[in-house]
Amino acid sequence: MERRTIGAAALEVGAVGLGCMPMSWAYTASRQHGEESVRTVHTALDRGSTLLDTADMYGPFTNELLVGRVLKERRRDAFVSTKCGLLVGEQHIVANGRPGYVKRACDASLRRLQTDVIDLYQLHRADPEVPVEETWGAMAELVTAGKVRALGLCAVGARSTRRTAGSRLYDATIRQLERVQQVFPVSAVQAELSVWSPEALLTLLPWCEARGIGFLAAMPLGNGFLTGTLTPGEGFEPDDVRARHPRFTAEMMAANQPIVAGLRRVAGRHGEGVTPAQVALAWVLAQGRHVVPVPGAKRERWAVENAAAAGLALTAADLAEVAALPAAQGSWD
Ligand SMILES: NC(=O)c1ccc[n+]([C@@H]2O[C@H](COP(=O)([O-])OP(=O)(O)OC[C@H]3O[C@@H](n4cnc5c(N)ncnc54)[C@H](OP(=O)(O)O)[C@@H]3O)[C@@H](O)[C@H]2O)c1
């Protein structure tokens, strides 16, 4: 697989990563199977998807434990990226950016991941009660201590500020990035980027590119919608995040079908086995050499299919066709 470089530390990863979240979090729990997930991580590594993206809050904790089972056997094949800063409670999720907490969280992640170093340690969300520089300073000390190789920041408030449309969507993130950059270099930013959520292209992606910062594209398959394998009206179990997602009502899924149809049309021009999911990922890859999509998958066949998207070169005509697809309907407002 093509390799891409992340950030000033020039960390090398396979162009398509693996998002491990669906194995333990956010999607229907009854479909989560630990053994299949472990096989999926192995398969992804075999196919060159070296970047494994997880977080201490996925599960909580069980996703890192799962990834750790694979890392124990083949640490050298993998690039592990995890996150801290969010605590899962009974009814809600809270941020904790206190320096002492962040250091303890890192030690706990290292234990669960069965490794002595994390390649990319990301702040999941800034704590509104702690100046972000203090949290980042503690994370920088983890680099000095050799527990972490590089630091990343996840985009903040993208969903809650969705109503400030267009280029201002990521203003809060950029302000935070500018503040933490004064303390220690940011190697990667992680934020949503996909054919139906392209907002990061306006300001955040160019901001990263201009500074040599990598961009991890979260939810590159539109939570599965862009793969064309979901049927409008099929419904989701209550524990699945899509049961509450405004774009996943039967009405909105039906209204957004022209987007999937467009991806399918482009896929059809590239040969029989090419899928809309692969076109969606190839589109993300085409947005810049600093961009690495991390499609989430718990099934082995998806890991194989998604890794193969790194070899799909979209033409200028394909990209223009995708760019001309209708904007997605349905938002969090
Ligand atoms: N930093 C943040 O705040 C943040 C937020 C959200 C996500 N993320 C990261 O981004 C990653 C990706 O996001 P995501 O997993 O929510 O969404 P996604 O990658 O857009 O979509 C994942 C869904 O697509 C399905 N899928 C994957 N490949 C497929 C294929 N080739 N054909 C058909 N279906 C396919 C998966 O099914 P199965 O699960 O059944 O295999 C899963 O339900 C996460 O795993 C996580 O690491 C980060």
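None of the figures in this text is laboratory data; all of them are computed from the coordinates on show. It should be emphasised that the depicted structure is a prediction, and the values quoted were computed from it without experimental measurement. For neighbour counting, all protein chains shown are included, and Cβ atoms are generated from backbone atoms with ideal geometry for every residue, glycine included.
Here are a few things to note about the model shown:
- Förster radius 41 Å - calculated FRET efficiency between residue 108 and residue 331 (Cβ-Cβ, nearest 0.05): 0.70
- For residue 141 and residue 272, the FRET efficiency from 1/(1 + (r/R0)^6), where r spans their Cβ atoms and R0 equals 45 Å, is about 0.25.
- Under the combined filter of DSSP loop state and at most 16 neighbouring Cβ atoms within 10 Å, segment 24-104 retains these GluC sites (Glu not before Pro): 90.
- Given R0 = 35 Å, the distance between the Cβ atoms of residue 116 and residue 35 translates into a calculated FRET efficiency of 0.85.
- Considering only 104, 242, 47, the Gaussian network model of the chain with Cα springs below 10 Å gives its largest mean-square fluctuation to 104.
- A viscosity of 1.002 mPa s and a temperature of 20 °C, combined with the Kirkwood radius over Cα pairs in Stokes-Einstein, give a translational diffusion coefficient for segment 188-333 of 137 µm²/s.
- Helix 132-144 axis, angle to the chain major axis (alpha carbon atoms, nearest 10°): 80
- Cα long-axis angle, helix 257-269 against the chain (0 to 90 degrees, to the nearest 10): 80
- Max mean-square fluctuation residue, GNM over the chain, Cα-Cα springs under 10 Å, options 155, 254, 277: 254
- Taking all Cα pairs closer than 8 Å and separated by 6 or more residues, the relative contact order of the chain comes to 22 percent.
- Among 87, 151, 71, residue whose mean-square fluctuation peaks in a GNM of the chain (springs only between Cα atoms under 10 Å): 87
- Relative contact order, whole percent, for segment 1-121 stands at 23, derived from Cα pairs under 8 Å and 6 or more residues apart.
- Building the convex hull from the alpha-carbon atoms of the chain and averaging its projection over directions returns 15.3 nm².
- Extension gain for residue 2 to residue 264 (0.36 nm times residue separation, less C-alpha to C-alpha distance): 91.9 nm.
- Cα gyration tensor shape of segment 251-291, rounded if a/c is under 1.5, else prolate or oblate by comparing a/b with b/c: oblate
- Subtracting the Cα-Cα distance of residue 250 and residue 209 from their residue separation scaled by 0.36 nm leaves 11.0 nm.
- Estimated inter-spin distance, residue 175 and residue 241, nm [label 7 Å along Cα→Cβ]: 2.4
- Segment 1-154 shape via C-alpha gyration tensor axes, a/c threshold 1.5: oblate
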